[in-house]
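The values are calculated or read from the model by the stated rules, or taken from the named source; none is laboratory data. Bear in mind the structure is a predicted one, so any value in this text is a computation, not a measurement. Because the Cβ atoms are built from the backbone with ideal geometry, glycine has one as well, and the counts that use them run over all protein chains shown. Accessible surface is based on the protein model in full, side chains and every heavy atom, while ligands, DNA and RNA are left aside. Shrake-Rupley method; radii C 1.70, N 1.55, O 1.52, S 1.80 Å.
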Amino acid sequence: MTKKIEPAILVIFGVTGDLSRKKLLPSLYQLFKGDLLPNETSILGLTRQDLKADQIIKDVELCINEEDGVCDPKALNKIREKIEILQIDISKLGEFKKLKTALDAADKKAGKELNRLFYMSVPPKVTENITEELGRHGLNGTKSRLLIEKPFGYDYKSAKKLIKTVSKYFDENQIFRIDHYLAKETVQNILVFRKNNIFEKIWDGKNISQIRITAFEKLDIEGRKVFYEETGALRDLIQSHLLMLLAISILQIPDDLSSASLHKAKSKALGSINPVHQSELITNTVRAQYIGYKNEVENQDSNIETFAAIKLRASSKRWHNTDFVLQTGKSLDEKLTEIEIVFRPNNENEIPNKLTFRIQPQEDIKLKLFVKQPGFEEEIKSASLTLNYKTENIDVEHPDAYERVMVDAFKGDRSLFSTSEEILASWKIVDPIIKNWTSNSNNLEFYKKGSGGPDISSITNN
Ligand code: BG6
């Protein structure tokens, strides 16, 4: 049964930040436009700056115009009415009292105890500090939920510390770690698609030789110098989004598909993947930086990768002989997010069948088969069956990933959020690579902006 949305106040730490302006507030605008949130919902934007709500709304309008080409003044006004700004310096002791007073006043105005959603898109250290302050000020009651954007730590050790601190004050069921890839429509479709009997029967390493997950972007680091210098492509996309996509692709589908069962299955899938061994660091990984990056971040010694590709293996009986190749890069010649399932051919001369879930830029599912080339010769040709969402009439308007994330958080449904166990399992997989790449710049390659990126055939065997 779908949960109901109860009235809530959304507290945004760093309301002027990139994610808040470009993703969070525009998605709230869409939700208000579609009347998908209760009328009593309110927003409290926190910032150190002396700022008026109108200035934030102007920024949101710009973002919406850029994205949709048009902005509905009625919906914009709705969000304008709901947002208040609280000037607060969270690094100063005692400032959280102001927040407590504002939240108590909001409850009084609403005539009831509102759910409190604390949204944070801040570095892990700041998340720790905020959580401790919320706890100390008694703002961690059962009505409170934490919405945390990645990165959840910088490596296994720091993630563990962050989880420990947060769990001192909040129960796991109050914590919503956002991974917006899990909320993308095609990603949610993967589990349903896999349940088609013809596929689930052959969904294992005996029949599948490789699962390749790609997230290529045309965008560069978009001025996020400090963030990117601390993060890099491996942490930014692979440790988070791509490992979650891999988990969805290989998990044992639970019978009940409940949130708890799915999280258990996802953790088990991630836990079955072997961390890259010391001896495989060169053979199973490729990393590269686009030319011009060092100037952009004003650090000529930067050793940070803007492209990363890694090959992984699992220890489970079901998947031990399948290669998992995950690759991502910035400033490439195309925007492409997809999961390719490569089936084993009967012999090495046969063209392998391939099933591709395309997530971006457009959504489709493609099955590559081989057929006879018409004519006198017995020539074999590769052809595709494509499930086109448009022609099949299933391209109905659906919420974008951030709208889905927010609605689920308001509802208190954690199915599409990551648990602490999943986070730790994913850090464990990439930790050896992080250690090696941080201390060693030898294997860093370079590629031109707008190109196809470095050659990764050494790890894909084709
Ligand atoms: C974010 C990364 O999590 O995902 C960004 O921090 C990246 O660097 C973005 O650009 C990509 O998201 P999407 O939905 O556009 O593929």
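Counting just the residues of the range 79-126 that are assigned to a helix (DSSP H, G or I) and among the small types (G, A, S), which one comes out surrounded by the most Cβ atoms within 10 Å (Cβ to Cβ)?
As a first pass, look at the range 79-126 and keep what is assigned to a helix (DSSP H, G or I): 79-82, 96-110, 124-126.
Still in the running and among the small types (G, A, S): 102, 105-106, 110.
Values: A102: 16, A105: 11, A106: 19, A110: 15.
The qualifying residue surrounded by the most Cβ atoms within 10 Å (Cβ to Cβ) is A106.
Yes/no matrix, rows are residues, columns are (1) touching a Leu at 6+ places or on another chain (Cβ under 6 Å); (2) open to solvent by 30 Å² or more (accessible area, probe 1.4 Å); (3) at pLDDT below 90:
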site: F13; (1), (2), (3): yes, no, no
site: P26; (1), (2), (3): no, no, no
site: E40; (1), (2), (3): no, yes, yes
site: L62; (1), (2), (3): no, yes, yes
site: C71; (1), (2), (3): no, no, yes
site: N77; (1), (2), (3): no, yes, no
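Only residues that are in a helix (DSSP H, G or I) and touching a His at 6+ places or on another chain (Cβ under 9 Å) were counted in the range 418-462, giving 3. For the range 404-415, a residue qualifies if it is within 16 Å of the ligand (Cβ to nearest atom) and open to solvent by less than 30 Å² (accessible area, probe 1.4 Å), and the qualifying residues are V405, M406.
Applying the criterion of being in contact with a strand residue (DSSP E or B) (Cβ under 7 Å, 6 or more places away or on another chain) and among the polar types (S, T, N, Q) to the residues of the range 349-378, the residue that is surrounded by the fewest Cβ atoms within 10 Å (Cβ to Cβ) is Q373. Has the range 236-243 got any residue that is more than 12 Å from the ligand (Cβ to nearest atom) and over 30 Å from W319 (Cβ atoms)? Checked against the condition, which is being more than 12 Å from the ligand (Cβ to nearest atom) and over 30 Å from W319 (Cβ atoms), the range 236-243 yields no hits at all. Could you name every one of the strands (runs of 3 or more DSSP E) located completely within the range 282-400 that has at least 1 residues being in the same structural domain as L242 (by TED's automatic domain parsing) and within 16 Å of the ligand (Cβ to nearest atom)? Once the strands (runs of 3 or more DSSP E) in the range 282-400 are filtered for at least 1 residues that are in the same structural domain as L242 (by TED's automatic domain parsing) and within 16 Å of the ligand (Cβ to nearest atom), what remains is 285-290, 307-312, 323-329, 336-343, 354-360. Scanning the range 216-241 for residues that are of a type outside the set (D, E) and open to solvent by 40 Å² or more (accessible area, probe 1.4 Å) returns K218, L219, G223, R224, K225, V226, F227, R235. Applying the set (1) in a loop (DSSP other than H, G, I, E, B); (2) away from the ligand (no atom under 14 Å from the Cβ); (3) not hydrophobic (A, V, I, L, M, F, W, C) to T165 leaves exactly one unmet item: (1).
When L134, L182, L146, L139 are screened for being open to solvent by less than 40 Å² (accessible area, probe 1.4 Å) and assigned to a strand (DSSP E or B), only L146 passes. For the range 260-281, filtered to residues that are in a loop (DSSP other than H, G, I, E, B) and of a type outside the set (A, V, I, L, M, F, W, C), the residue that is surrounded by the most Cβ atoms within 10 Å (Cβ to Cβ) is S272. Of all the residues in the range 194-215, those that are open to solvent by less than 60 Å² (accessible area, probe 1.4 Å) and assigned to a helix (DSSP H, G or I) number 3.
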